[in-house]
1. Exactly one condition in (1) buried (at least 24 other Cβ atoms within 10 Å of the Cβ); (2) farther than 25 Å from residue 353 by Cα; (3) aromatic (Phe, Trp, Tyr) is not met by residue 185; state its number.
2. Of the residues that make up the stretch 34-41, is at least one within 25 Å of residue 253 (Cβ to Cβ) and under 19 Å from the mean Cα position of the chain (by Cα)?
3. Looking at the stretch 125-142, is at least one residue more than 26 Å from residue 256 (Cβ to Cβ), at pLDDT 90 or above and aliphatic (A, V, I, L, M)?
4. Among the candidates 159, 104, single out the residue that is of a type in the set (A, V, I, L, M), surrounded by fewer than 21 Cβ atoms within 10 Å (Cβ to Cβ) and within 26 Å of residue 275 (Cα to Cα).
5. Please tell me if residue 281 is under 23 Å from residue 53 (Cβ atoms), touching a residue at least 60 places away in the same chain (Cβ under 8 Å) and in a helix (DSSP H, G or I).
6. Please work out which one of (1) touching a Cys at 6+ places or on another chain (Cβ under 8 Å); (2) closer than 27 Å to residue 125 by Cα is the condition residue 395 fails and give its number.
7. List every residue pair whose Cβ atoms lie under 7 Å apart, where the two residues are 6 or more positions apart in sequence or sit on different chains, the first residue falls within the stretch 125-143 and is in contact (Cβ under 8 Å) with a residue 60 or more places away in the chain and within 15 Å of residue 115 (Cα to Cα), and the second residue, located anywhere, is of a type in the set (S, T, N, Q) and surrounded by fewer than 21 Cβ atoms within 10 Å (Cβ to Cβ).
8. Out of 399, 425, I need the residue that is modelled with pLDDT of 90 or more, on the phi < 0 side of the Ramachandran plot, of a type outside the set (A, V, I, L, M, F, W, C) and surrounded by fewer than 17 Cβ atoms within 10 Å (Cβ to Cβ). Which one?
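The values are calculated or read from the model by the stated rules, or taken from the named source; none is laboratory data. Here the structure is a predicted model, which means the values were calculated and not measured. Here the Cβ positions follow ideal geometry from the backbone for every residue, glycine too, while neighbour counts run over all protein chains shown. These accessible areas exclude ligands, DNA and RNA; they are computed on the full protein's heavy atoms, side chains included. Shrake-Rupley method; radii C 1.70, N 1.55, O 1.52, S 1.80 Å.
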Amino acid sequence: MSDDKKGSIGLYGAIAIGIGGMVGGGIFAVLGLAVSMAHGATPLAFAIAGAIAMLTAFSYAKLSVAFPSQGGTVVFLDRAFGHDSIVGGLNFVLWLSYLVTLSLYATAFESYAKTFFPVGLQTAWLHHGLISIAIIIPVVINLLGAELISKSETFIVVLKLILLGIVVSSGAMFIEPARLAVSNWAPMSAVIPAGMVIFVAYEGFELISNAAEDVRNPSVTLPRAYYSSVGIVVVLYILVAILTVGVVPESLVASSKDYVLAEAARPALGQLGFYLVGVAAMLATLSAINATIYGNARLGFILAQDHELPKIMERKVWDQPFGVLVVGAITLCMANLLDIESIAVIASAGFLLIFAAVNLAGAKLAPTLNAQRVPMLIGSVVCFAVLCILLWRSATDNPKACVAFFAVLVCAFLFEFFLAMFYKPSKRAWHCFRKCSVGRATKHL
């Protein structure tokens with residue numbers, strides 16, 4: 001892409017996309033889980049996960065400048081490795097990982113929404129009802145026209161950042177430093193897996209790649225956007241973790257793990273602060289679900305064109321991709337069948353696998369990218385290593401999540417294998433990628 005192109009997105013807009021993708025439902029969903037695993041070392045767990053995100057952001061920055069397209073990750077993998085069943089399987093894993101992330105957001109919505117109901121009404125029916133509402137409403141909105149919420153995305157991002165800033169600054173005086181002391185840290189064998197379980201809270205920076213072809217002065221703007229957005233969010237998450245660990249007693253974390261950030265606001269802001277965080281969490285998760293359904297349905301359209309999903313995903317419902325209904329239906333099942341820890345493990349593991357592949361793609365294409373290969377190789381090795389650590393820990397503590405992740409992998413690659421046999425295309429859509437970007441293929445959506 002020429003830097004002379006007058007794109008519609010400047011530096012601050014690109015940074016907002018990255019921050020909005022990361023500070024969605026993830027932090028509200030996994031914060032309590034991180035504290036319960038790492039205890040006083042929770043800020044360190046977020047820092048470790050953030051360092052891995054920054055390593056991967058280097059590869060994304062180089063690849064996005066060289067191959068700007070709405071296809072983002074899909075295009076990067078295809079460019080590096082060609083279009084075969086392994087790459088097709090990875091692309092399908094990416095699609096499924098977003099479905100799991102949707103389930104995480106829906107579960108987080110339920111966790112905060114239930115606090116507005118009396119304890120006597122907090123039954124299994126309410127649990128599944130709230131999760132289902134969190135998915136059904138955005139599905140309907142997407143079918144009617146996603147612009148109904150997309151116009152308010154910037155407002156909601158700003159609201160989340162302001163609220164988190166208020167909670168952190170007002171609660172600082174209530175922090176008890178002893179709770180952050182090394183003596184209260186979990187062992188590193190628990191801290192590193194904790195950082196990997198919560199890695200899903202960082203995955204959203206990759207959304208910048210989907211907007212790369214619309215960015216002004218991309219060779220300068222894109223790297224700055226990646227590094228700035230990840231850096232800002234790492235600092236924000238560490239501050240939120242310090243506040244939560246320093247303010248919320250360990251005994252209370254166990255009973256309020258699913259909505260611990262609201263409890264962290266209570267000492268400084270009282271019950272009003274508790275409810276403000278609850279409302280913000282519900283808005284943030286609904287917004288994240290809406291945006292992710294919108295993006296994943298269109299990713300499904302791309303993969304269907306590429307013969308990696310059934311052709312039904314190319315159909316329209318009320319002038320919207322049929323994938324909106326498919327994404328909603330699968331997410332409903334996942335969110336209602338899996339617990340939040342299992343969902344977080346599966347989602348984080350999926351993105352760690354994808355990011356390991358993207359880093360490897362960057363290393364393979366380093367001469368084309370005019371980039372150093374070593375940082376990308378390090379990023380790939382680190383992502384794969386911590387993925388193994390996460391799965392090793394999960395095999396002991398949460399075998400259901402570990403089994404579910406491998407089931408996702410097996411289903412993805414088997415699905416790709418049999419779909420390829422069914423279509424038997426003589427020329428895969430990779431040839432289309434060589435001639436035009438995925439963005440052009442989807443502009444009529």
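1. That leaves (1) as the condition not met.
2. Here is the first cut: in the stretch 34-41, the residues within 25 Å of residue 253 (Cβ to Cβ) are 34-41.
Now drop any that are not under 19 Å from the mean Cα position of the chain (by Cα), which leaves 34.
There is at least one residue in the stretch 34-41 that is within 25 Å of residue 253 (Cβ to Cβ) and under 19 Å from the mean Cα position of the chain (by Cα).
3. Scanning the stretch 125-142, I find at least one residue that is more than 26 Å from residue 256 (Cβ to Cβ), at pLDDT 90 or above and aliphatic (A, V, I, L, M), so the answer is yes.
4. Working: 104 fails: surrounded by fewer than 21 Cβ atoms within 10 Å (Cβ to Cβ).
None of the others qualify; the one that does is 159.
5. Working: under 23 Å from residue 53 (Cβ atoms): yes; touching a residue at least 60 places away in the same chain (Cβ under 8 Å): yes; in a helix (DSSP H, G or I): yes.
Criteria met by residue 281.
6. Evaluating residue 395 over (1) touching a Cys at 6+ places or on another chain (Cβ under 8 Å); (2) closer than 27 Å to residue 125 by Cα leaves (2) as the failure.
7. Short answer, once both residue conditions are applied: 128/336; 131/336.
8. Details: 425 fails: modelled with pLDDT of 90 or more.
None of the others qualify; the one that does is 399.
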